[in-house]
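Read through the structure below, which is laid out as structure tokens, and then see the notes.
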Amino acid sequence: MQAIWKTLLQNQAHDDICGCCIDPIAVDMEERFAQVYKQADEIVTEGLKSIAGCVNATTENAEAAMLVFNPADRPRREVVGFTMRVPKDAQACCFADNAGNPAPHQMKERSDASGHVYLLCDVPALGYKTYYLVRGQQQVGAPPAVTYSEKERVLENEYLRVAVRDNGTLSLTDKRTGQVYDDLSYFEDGGDAGDTYDYSFPEKDRVINSMQEQAEITLEEAGPLMARIKVELALTLPIGLRANRKQRHKQTRRVPVVSYISLTAKSPQVEVTTIVKNVVKDHRLRVCFPTATETDHAIAEEPFDLARLSLAPETVPKELPEKLRPLMLAGRYTVPINTRVFQNSVGLRDVRRGVTILTSGLSEFEVLPEKNTLALTLLRSVGWLARQDLLTREGDVGPHIFTPQAQCLGEHVFSYAVYPHSATAESANFRSESQNLKMRVVRTQPHAGALPDTHSFVYWMNQNPKDAFKLTCVKLSEDQKGLILRFYNTTEHEAMGKLKLWDEVNSVWKTNLNEDILTELTFRDGSIKVSARPKEIVTLKLMGGRMKRKFDQRYQEYEIMSVPPLKPAFPQVDMPPVITEPELQAEAKREKELEQALQKALERVRILEGEIGELSTKDQKKMAELQQCKTEYEALRRYHYESRISWLLNTQLLTGKSVAEELQAMGEPYCVSRTMKRVSEYLSHFYEKLLCDEES
């Protein structure tokens, strides 16, 4: 794990982690993320197999045992999907617990002797439950069901009614409250004349949405536990910006968008997976959810917080505040920026209704004024690391380097869910566990073991207020002598709770974030009472002498069950080239023009130095003029280096020719030029203030 963390930390540079970097670095980061994910998944797989090997998974007539693991700190009743080898007489089999109670399931057999299985599971918090594949036993009674009406194109369960309209949007009825939410999940696409740092609308934008589109709608799964509809759209979007970057191109291209709308039994939320094949440039694609709520704030999950964010646009002063004027600011916004960041979930609610969007990997939203529409950013396609001509920002925030791979061409998969709820549903944000803490299934042959076949290692016996605490961490302590549990109080009030721990724990200590011991907590009858101040982060260290011994047993034949894949057959669409010869030539031209401007600036500096050298007295105004020229020269010198670096990087991208040696040679002088630009700007500000003081 230490090695994996060190690999991940290589991606944490403050600009790089948010995508503000040159293309080769972005590619390196993607490869590191893939490596980290693969290695972490291998550790999880081995851990699940190890636990499975310790479980007493035995019952009569069982052909296989399926252990369903729940990584959340709350018990869950959900439909879990997986692919497995199907017995020849699959219809004569069912899944049951150790008491013989059948668990509702849905199976779709395939031609390769495998099948997609959907199993309704009741799994305890931070634990597992074993279901057995039993031959000669059938499901008893009517299972909880989701139904599909082909005529009305409606999915329905006991909580929700979901109608898919002709344009692919959803009309969602919350049967618990009677509230109806229309036009959910429409797509909006506008031009993006920004850079990797910031979005910027073009001077004359053309915003396109899918409300007038005609979708192709087909049934994929018909229930009774999981029903799924496929919605296919083709958005006609401009191929990019015009050469002047002030408006979108007249030429268009069809962009395929496929969404899978899923509803499962016993679920109060609609799951959506959207797959986009991006074949256009310079645009921002969002998915939108009109909430029709009357509220002035959003509730957004952030690291260690559920934040209350005002919907009022931020005001941007025309002039810098007095206290900031002495500072050298790299850049500042010139218009209100209404997009906000979030993690896992964001929602709106009023006295009548509420909607929370649960996501995996999406992190930016905006609330549009009309119907308080939640707009989630799916994709930003831009072609520059940084520019200085944005309409939303002024100043110099980063290198002016062409980054065509930041256009994010190709296929992208997005997962999110719509959860309607009442105005007081405090647990809305916890449902993001369904997106980010998926339950996992391990298949094994029946075998004896020391652990029971249903078990919770840690769970909340009670919380006050309800659902006040959110777990963020379960890990081995840094000294490897205990287990760390970390959670935080999501509320603005003091919260209390009682945690039940497994019987190997013999002491519990409260620590700080560095895991330094603070106080010992009273541990009685296998449980502890905890309290937390508003928004407090609490870290506990669990100690026990026998924690390792049970998990040292060897395992033999265990299989991690995979999730049924979603693979749309996209229509044939021509993919534009990532970079073209004319674009590379434009970078060569930019370098030449900057070189000429640099020479002119140097000549102007030398002329002024000569004039000042001939003066008999010190002329502050002339010195200020000289410093301004030097500042212009140092800025041009930096921009010239950046244009050269940009040309080299994109030559490598287009031709495959390595430019590492030349880039290496430019590294130090380029860094010096960045420093000298800042020093020159400081000196220019110094002379400006000096002249102002003299005049006053």
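The values are calculated or read from the model by the stated rules, or taken from the named source; none is laboratory data. These figures come from a predicted structure and were not determined experimentally. Methodologically, a virtual Cβ is constructed for each residue, glycine included, from the backbone with ideal geometry; neighbour enumeration extends over all protein chains shown. Side chains are part of the model used for accessible areas, which takes the heavy atoms of the whole protein and leaves out ligands, DNA and RNA. Shrake-Rupley method; radii C 1.70, N 1.55, O 1.52, S 1.80 Å.
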Checked against (1) farther than 29 Å from TYR333 by Cβ; (2) open to solvent by 50 Å² or more (accessible area, probe 1.4 Å), GLN179 satisfies every condition except (2)
Could you tell me whether PHE289 is aromatic (Phe, Trp, Tyr), crowded, with 20+ Cβ neighbours inside 10 Å, in contact (Cβ under 8 Å) with a residue 12 or more places away in the chain and closer than 22 Å to GLU364 by Cα? yes
Identify, by number, the condition in (1) over 30 Å from PHE570 (Cβ atoms); (2) of a type outside the set (Gly, Ala, Ser); (3) in a strand (DSSP E or B); (4) modelled with pLDDT of 95 or more that HIS400 doesn't meet. (3)
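Just for segment 115-145: of the residues that are of a type in the set (Gly, Ala, Ser) and assigned to a strand (DSSP E or B), which one is modelled with the highest pLDDT?
Out of the qualifying residues, it is GLY127.
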Among the residues listed as GLU634, GLU661, GLU642, GLU625, the single one being open to solvent by less than 50 Å² (accessible area, probe 1.4 Å) and more than 16 Å from TRP384 (Cα to Cα): GLU634
Criterion first (part of a helix (DSSP H, G or I) and surrounded by fewer than 18 Cβ atoms within 10 Å (Cβ to Cβ)) does GLU591 satisfy it? no
For segment 141-164, name all the residues that are open to solvent by 10 Å² or more (accessible area, probe 1.4 Å), under 30 Å from the mean Cα position of the chain (by Cα) and not acidic (Asp, Glu). TYR159, ARG161
Residue in segment 300-312 that is exposed (fewer than 14 other Cβ atoms within 10 Å of the Cβ), more than 20 Å from HIS421 (Cβ to Cβ) and touching a Leu at 6+ places or on another chain (Cβ under 8 Å) present: no
Being in contact with a strand residue (DSSP E or B) (Cβ under 6 Å, 6 or more places away or on another chain), surrounded by 16 or more Cβ atoms within 10 Å (Cβ to Cβ) and outside any strand (DSSP E or B) is true for just one of ARG431, ARG486. Which residue is that? ARG431
Mind checking which pairs have a first residue in segment 585-610 that is charged (D, E, K, R) and a second that is open to solvent by 90 Å² or more (accessible area, probe 1.4 Å), Cβ under 9 Å, 6 or more apart or different chains? ARG604/GLU632
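Whether any residue in segment 219-241 is β-branched (Val, Ile, Thr) and under 30 Å from LYS108 (Cα atoms) is what I want to check.
Within segment 219-241, one or more residues are β-branched (Val, Ile, Thr) and under 30 Å from LYS108 (Cα atoms).
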Assess whether THR196 counts as being under 23 Å from the mean Cα position of the chain (by Cα), β-branched (Val, Ile, Thr) and open to solvent by 10 Å² or more (accessible area, probe 1.4 Å). yes
Here is a check on your reading of the model: is LEU358 at negative phi, in contact (Cβ under 8 Å) with a residue 40 or more places away in the chain and open to solvent by 10 Å² or more (accessible area, probe 1.4 Å)? no
Within segment 411-428, residues being of a type outside the set (Ser, Thr, Tyr), open to solvent by less than 10 Å² (accessible area, probe 1.4 Å) and either at pLDDT 90 or above or in contact with a helix residue (DSSP H, G or I) (Cβ under 7 Å, 6 or more places away or on another chain) (or both) number 4
Could you tell me whether segment 452-475 includes any residue that is without any contact (Cβ under 8 Å) to a residue 12 or more places away in the chain, in a strand (DSSP E or B) and surrounded by fewer than 18 Cβ atoms within 10 Å (Cβ to Cβ)? yes
